[in-house]
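The values are calculated or read from the model by the stated rules, or taken from the named source; none is laboratory data. These numbers come from a predicted model, not from an experiment. Virtual Cβ from ideal backbone geometry, glycine too; neighbours counted across all protein chains shown. Side chains included, ligands, DNA and RNA excluded: accessible areas come from the protein's heavy atoms. Shrake-Rupley method; radii C 1.70, N 1.55, O 1.52, S 1.80 Å.
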Amino acid sequence: MNIMSEAAVEKALDKKMNDISYKMIGKDVSVYYGDKRALYDVNLNVRENTVTALIGPSGCGKSTFLRTLNRMNDTIEGCRVTGRITLDTDDIYDPNIDVVELRARVGMVFQKPNPFPKSIYENVAYGPRIHGLAKAKADMDGIVESSLQKAGLWNEVKDRLHEGGTGLSGGQQQRLCIARAVAVSPEVILMDEPCSALDPIATAKVEELIHELRANFTIVIVTHSMQQAARVSQRTAMFHLGNLVEENDTDKMFTNPDDQRTQDYIMGRFG
Amino acid sequence: MSQVSTSPSMAALGATAKPERRDIGLRGRYAAERRFRLYGMAAIAFGLVFLFLLLFSVVSKGYTAFQQSMITIPVEFSEQIIDKDNERATNPQKLVSANYPVVARNALAKVLGVSEDDRQGLRAINGMISDSVRTQLRDLVTADPSIIGTTRTVSFLAHGDLDSAFKGQIDLSVAENNRKISDKQIGWMNQLAESGALAKHFNTGIFVNGASSRPEAAGVGVAAVGSLYMMLIVLVLALPIGVAASIYLEEFAPKNRFTDLIEVNINNLAAVPSIVYGLLGLAVFVNFAGFPRSASLVGGLVLTLMTLPTIIIATRSALKAVPPSIRAAALGLGASKMQTVFHHVLPLAMPGILTGTIIGLAHALGETAPLLLIGMVAFVADIPSTPLEPATALPVQIYMWANEAERAFVERTSGAIIILLIFLILMNVGAILLRRRFERRW
Amino acid sequence: MSISFLLLIVAIIGVAGYLIGSWRANALAGGKLSSLHSRPGYYGSYVAVWSMLPAVVVLLVWIVASPIYISSTVRAGFPEEVKATSQAEQNLGYNMISAIARGLRVLAPEEREAIFKDGSTARTVLAGKGVPLAADPAPYMLTSADSLNRMSQASSTFLAIVVVLTALAGAVFSYRVIAPKFRARNRVEGVMLVGLIAASSIAILTTVGIVASMLTEAVHFFNRVPAWEFFFGTVWDPRFAAAGSTDSSGQFGLIPLLAGTLYIGFVAMLVAVPVGLFAAIYMSEYASRHVRSVAKPLLEVLAGIPTIVYGFFALVTVGPFLRDLSAQLSGLVTGDYSNFIQAQSVLTAGFVMGIMLIPYVSSLSDDIITAVPRALRDGSLGLGATRSETIKRVILPAALPGIVGALLMTASRAVGETMIVVLAAGVAARIQINPFEPMTTVTVKIVSQLTGDLEFTSPQTLVAFALGITLFVITLCLNIYALYIVRKYREQYE
């Protein structure tokens, strides 16, 4: 309990000092897989209604950090997280926190589109249904429609809502997964390389979508593509070998980074 | 590059002469190759030939069991024989214990023109009628006593030996003393067949009757009902328990000593000889818990324990086949682990689980040894109305008939095997269709 | 009140609890479902679990405990002279009392009174009601039976009250706990998880049950017959089990049975191993997809045929065929048309069992051969080796440990097989080496000792459990070793 209030105080102080509202605060976050350490004392804050891009070479820990934000790491055996991460004022690793509730607040979109082998409608409706967000059929219809609209998929699928979600193209599937995440009305959406399995046109659509979603959601995105980070994000964090190298405004990061390693990476010297 | 030579010869162009071919024993090696291949084909052929022989042997011996010789003649329900002193009004027991075989015998003697004084002839005629005629006529009379004194046309079963002879299964070239049916009876048989009084009919008795010491009246009815009870018990117990166990082991169990132990355990249980399960059932369910012996309940419990490992192994591989991305997607939406499993993983694994269950049930249906030990080798004539009553099972019935000496029982046994195999084929085809229809490639 | 009626009441309370719980959650949410921690259904389920689970547990405990309590109370009420008699005699008396009690329950009141007036009529009156008694009841038995009846009556009334109260208490308690922030889903899922764990521990319980039940009975056996006489005895002659007799007049030597088991299993393996192995090799290395798709399922049909069918096949087809064949052969050679192969023989049983085992060998080896990495195969073929050379020199040696494991598993099946040997191997327990003569196996003797009347005190019955545990240990060892080998083999190629 002490920890929580401490976190709250810290957050309040942060807010006061910088007049920036942080949605999630990561403090000294370390992750171990068994004996192997994957993340070293990362301190990274996620700003509200902002797109934060996590970049860095493969195996740098950016995906690991992303998965700590909604405790998807819990599903990996032998994985241990230390440090503190807060969502608003809640310490998300507090034993009293219900992980299910957390994930309803911090949604996730995965690298490969993974629609359930059910109809498009059922895919979107599943989340609201288990969380009891709709009371009547009409409410559910509304949620499904608005989610699909937010995901820019409505016009393409409105006539075949009850056909299988797996029959869509890769890009459509990924936008369906985003619609599915949006339908739960999370506060934060985590995206783990959402475009890596998509072609350029589908990628452009998803990027556009991310841009629009920013108005309502806080977004953290892991990406391999520097261009993508530059296009979609306002803040960028660079990871290397499990360490957070630098976190900055995206514009500054890509023009005049503070850290030598960032510069090298962006220039393509390693990666 | 200077042109040294203008000669067009190949050698000069740098091509070497074709080298002497090395002898690498190709002929012999290819011969060995062909032989090896042949062995393989022979092995498969051997297996298939015996599969065919087995089925052929059973079907050729058993298809006749689905036909039964019936004698259809006018029968006089003589008051003289049934109720000489007319006491049926005061003593209904009289109608139950009357000498009905004589009624049938006299009727047949009349048709064949044998005098009622020809004792030897009458005895021979007796040997042509099934003993089951006693209960058949008795039931007719007790249901409607007014038929006493009238003559009705009745169809009744021919004796098992006559049935065999009529189906041509008795070698008539054997000396008369060494076969079960005399020349005189054969003559009568032909006479009856010509007049149409003796004919083969579809044998419904084999499906509905219970045990009988007379092959012509014996059927698998009791056994089929017993097997049905046991299959239901296995389905109701083994499927939910097996699926629950698999879900725990596959989706929730931490990797530790305990789950390792369960793991090894299940693999071993799948390989424990079935007869050991029979010993377990006898010691625990019958001797310790005091369940009734010979009851389908005990049989069902034993078969449940025996089938569980099969179902668990099938279910676990079906659960494993569901890609982890489905789980990640549901978890990422804030579904709890339990919701993820029951809403997404389990429905997707269901076809695989059901296929495995059907195959497990098919094995249980054909299992004999454990049932012998818990006393299901019993002479049960009446169809059990609850799983607590004594019953037999299809394979056990086959075992009991296989031990009978009479020729007609070989036919019955094969017929029962055909029935059992048809059930098994239906179940397996069901499993295959299920797999084809719902199989999902990821 | 009958148990099933009681269960029905509990179920009704549970359903009502579910409805009330859901309704309460809805009411608390006041139209804003997201203010609840869980969906209303989970609150309902929580109440339902609390109403039903404790009540059912109480019910089960009562069902087990109450007969024990009643029995000990009734026994305590026995007259002193009866208490002085042996335990077995007291048991007999108690059985009679419970029979009388069963009878008393179906009697009309005036018949009851008649019995209590004159105990000597009890036997005939009760027999008329379908309750036969072994002897005329002693006077104390009638009163004991009456008090037994009264006690079980009271017990069942009491049980009904306690169970219904428990259900209601559970419902009320859980209903009061409901609050918007209460984590009903987690609680319900916790209960579900416990259920799942319980289901998987049944696997363990089965093994424990097998070992414990067989060990207890086997220990009873070894109390009568010394273990070394069993394990090293060369004569099997159990004699008949005379009812009630506890002397071990028979001889219980395991060796002849074990010899028969191993001999028949050996013959079966002689048939199954080459055929199955070659079939597997052909299937995995040569056969076209088309042939494979036909031949493989057909061979697997052999595995789906119940063993009783094989037994019958051996009994009526293979056995007589071999017998007649041997008669013809000996006629051709010596002119004496007497058969030298018995219809029931090691050969018949072993041969048919071998056919049954073909699909086991072939499908197990097929899996193992296909697990050999492609690179090994290509390496050998690339050097100019023929297919058969590749198979013989590269694939089989690489797959050997796995194949040995597969064969051990098959062997354990051969050892435990029952129905074929029961019908085709014969019942004569002897040690000899002629495959044309009948021999018998452990499984045959288990069956023959346990069919018919059982007397759980006679060594003739108990020996079956000693045989059973021997069989269990043998197959267990074979399987564990086989699994170990196969697992090692798999790791090698992963």
Item to complete: With respect to A:GLU193, determine if the residue is surrounded by 18 or more Cβ atoms within 10 Å (Cβ to Cβ) and on the phi > 0 side of the Ramachandran plot.
Response: yes
Item to complete: Can you work out which of the residues in the stretch C:182-225 that are among the hydroxyl-bearing types (Ser, Thr, Tyr) and over 18 Å from B:ALA283 (Cα atoms) is farthest from the other protein chains (Cβ to nearest Cβ)?
Response: C:SER201
Fill in: From A:ARG214, A:ARG180, residue being within 18 Å of A:VAL109 (Cβ to Cβ), in contact with a Pro (Cβ under 8 Å, 6 or more places away or on another chain) and touching a residue at least 24 places away in the same chain (Cβ under 8 Å)
A:ARG180
Practice prompt. Report, by residue number, each residue of the stretch C:435-458 that is within 21 Å of C:TYR263 (Cα to Cα) and assigned to a helix (DSSP H, G or I).
Written response: C:VAL442, C:THR443, C:VAL444, C:LYS445, C:ILE446, C:VAL447, C:SER448
Practice prompt. Determine which member of the set C:ARG187, C:ARG123, C:ARG183 is open to solvent by 70 Å² or more (accessible area, probe 1.4 Å), more than 30 Å from B:PHE342 (Cα to Cα) and of a type outside the set (S, T, N, Q).
Written response: C:ARG123
Discussion item. Quick check on B:ALA335: is it among the small types (Gly, Ala, Ser) and away from chain A (no Cβ under 14 Å)?
Written reply: no
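Quick grid of which residues meet (1) within 22 Å of C:ALA279 (Cβ to Cβ); (2) touching a residue at least 60 places away in the same chain (Cβ under 8 Å); (3) surrounded by fewer than 23 Cβ atoms within 10 Å (Cβ to Cβ):
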position	(1), (2), (3)
C:PHE351	yes, yes, no
C:ALA375	no, no, yes
C:GLY382	no, no, yes
C:SER388	yes, no, yes
C:VAL394	yes, no, yes
Fill in: Any hit, the stretch B:351-359, residues being open to solvent by less than 10 Å² (accessible area, probe 1.4 Å), touching a residue at least 60 places away in the same chain (Cβ under 8 Å) and at the interface with another protein chain (Cβ under 9 Å from one of its Cβ atoms)
no
Worksheet item: Does any residue in the stretch C:90-111 that is under 17 Å from C:SER147 (Cα atoms) come within less than 6 Å, Cβ to Cβ, of a residue that is aliphatic (A, V, I, L, M) and open to solvent by 30 Å² or more (accessible area, probe 1.4 Å) six or more places away or on a different chain, and which pairs are these?
Response: none
Worksheet item: Given the structure, is A:THR52 more than 14 Å from A:THR82 (Cα to Cα), open to solvent by less than 10 Å² (accessible area, probe 1.4 Å) and hydroxyl-bearing (Ser, Thr, Tyr)?
Response: yes
Item to complete: Please specify each residue of the stretch C:469-479 satisfying the condition of being surrounded by fewer than 19 Cβ atoms within 10 Å (Cβ to Cβ) and either polar (S, T, N, Q) or at pLDDT below 90 (or both).
Response: none
Worksheet item: Residues B:VAL264, B:VAL322, B:VAL284: which one is at the interface with another protein chain (Cβ under 10 Å from one of its Cβ atoms), over 23 Å from B:ILE398 (Cβ atoms), modelled with pLDDT under 95 and not in a helix (DSSP H, G or I)?
Response: B:VAL322
Item to complete: Output the number of residues of the stretch C:22-40 satisfying the condition of being in contact (Cβ under 8 Å) with a residue 60 or more places away in the chain and open to solvent by 20 Å² or more (accessible area, probe 1.4 Å).
Response: 5
Worksheet item: So, in the stretch A:77-86, of the ones that are open to solvent by less than 60 Å² (accessible area, probe 1.4 Å) and over 16 Å from the mean Cα position of the chain (by Cα), which residue ends up nearest to the other protein chains (Cβ to nearest Cβ)?
Response: A:GLY78
Discussion item. Looking only at residues that are charged (D, E, K, R) and within 14 Å of chain A (Cβ to nearest Cβ) in the stretch C:29-87, which one is farthest from the chain's Cα centre (by Cα)?
Written reply: C:LYS32
Worksheet, complete the sentence: Counting only residues that are more than 12 Å from every other protein chain (Cβ to nearest Cβ) and either among the basic types (Lys, Arg) or open to solvent by less than 10 Å² (accessible area, probe 1.4 Å) (or both), the stretch A:87-117 contains a total of 2
Response to the item:
Over the stretch C:284-306, the set of residues part of a helix (DSSP H, G or I) and at the interface with chain B (Cβ under 7 Å from one of its Cβ atoms) is C:TYR286, C:ALA295, C:LEU298, C:LEU299, C:VAL301, C:LEU302, C:GLY304
Practice prompt. For residues that are open to solvent by 40 Å² or more (accessible area, probe 1.4 Å) and of a type in the set (Phe, Trp, Tyr), scanning just the stretch C:411-468, find the one that is farthest from the other protein chains (Cβ to nearest Cβ).
Written response: C:PHE436
Worksheet item: Do you know which residues across the stretch B:35-88 are basic (Lys, Arg) and either in contact with a Leu (Cβ under 8 Å, 6 or more places away or on another chain) or not in a helix (DSSP H, G or I) (or both)?
Response: B:LYS84, B:ARG88
Response to the item:
When every residue in the stretch C:218-233 that is of a type outside the set (Phe, Trp, Tyr) and out of contact with any helix residue (DSSP H, G or I) (no Cβ under 6 Å at 6 or more places or on another chain) is compared, the one nearest to C:VAL442 (Cα to Cα) is C:GLY233
Practice prompt. Those residues that are closer than 16 Å to C:PRO306 by Cα, in contact with a helix residue (DSSP H, G or I) (Cβ under 7 Å, 6 or more places away or on another chain) and not β-branched (Val, Ile, Thr), I need them from the stretch B:390-420; list them, please.
Written response: B:ALA393, B:LEU394, B:PRO395, B:GLN397, B:TYR399, B:TRP401, B:ALA402, B:SER414, B:GLY415, B:ALA416, B:LEU420
Practice prompt. Enumerate the pairs (first residue in the stretch B:80-109 and assigned by TED's automatic domain parsing to the domain that holds B:THR151; second residue anywhere and open to solvent by less than 50 Å² (accessible area, probe 1.4 Å) and basic (Lys, Arg)) with beta-carbon separation below 6 Å, excluding pairs fewer than 6 apart on the same chain, so at least 6 apart or on different chains.
Written response: none
Worksheet item: Limited to the stretch B:215-237, what total is found for residues that are open to solvent by less than 10 Å² (accessible area, probe 1.4 Å), without any contact (Cβ under 8 Å) to a residue 60 or more places away in the chain and under 20 Å from B:LEU361 (Cβ atoms)?
Response: 0
Worksheet item: Does B:GLN169 meet the test of being assigned to a helix (DSSP H, G or I), surrounded by fewer than 18 Cβ atoms within 10 Å (Cβ to Cβ) and touching a residue at least 24 places away in the same chain (Cβ under 8 Å)?
Response: no
Practice prompt. Give the residues of the stretch B:249-260 that are at the interface with another protein chain (Cβ under 7 Å from one of its Cβ atoms) and open to solvent by 20 Å² or more (accessible area, probe 1.4 Å), sorted by residue number.
Written response: B:PHE252, B:LYS255
Worksheet item: Considering the stretch A:172-205 alone, what residues qualify as being more than 16 Å from A:VAL51 (Cα to Cα) and touching a Lys or Arg at 6+ places or on another chain (Cβ under 6 Å)?
Response: A:ALA197
Discussion item. I'd like to verify a number: residues in the stretch A:73-88 that are modelled with pLDDT under 85 and either at negative phi or of a type in the set (Lys, Arg) (or both), how many?
Written reply: 5
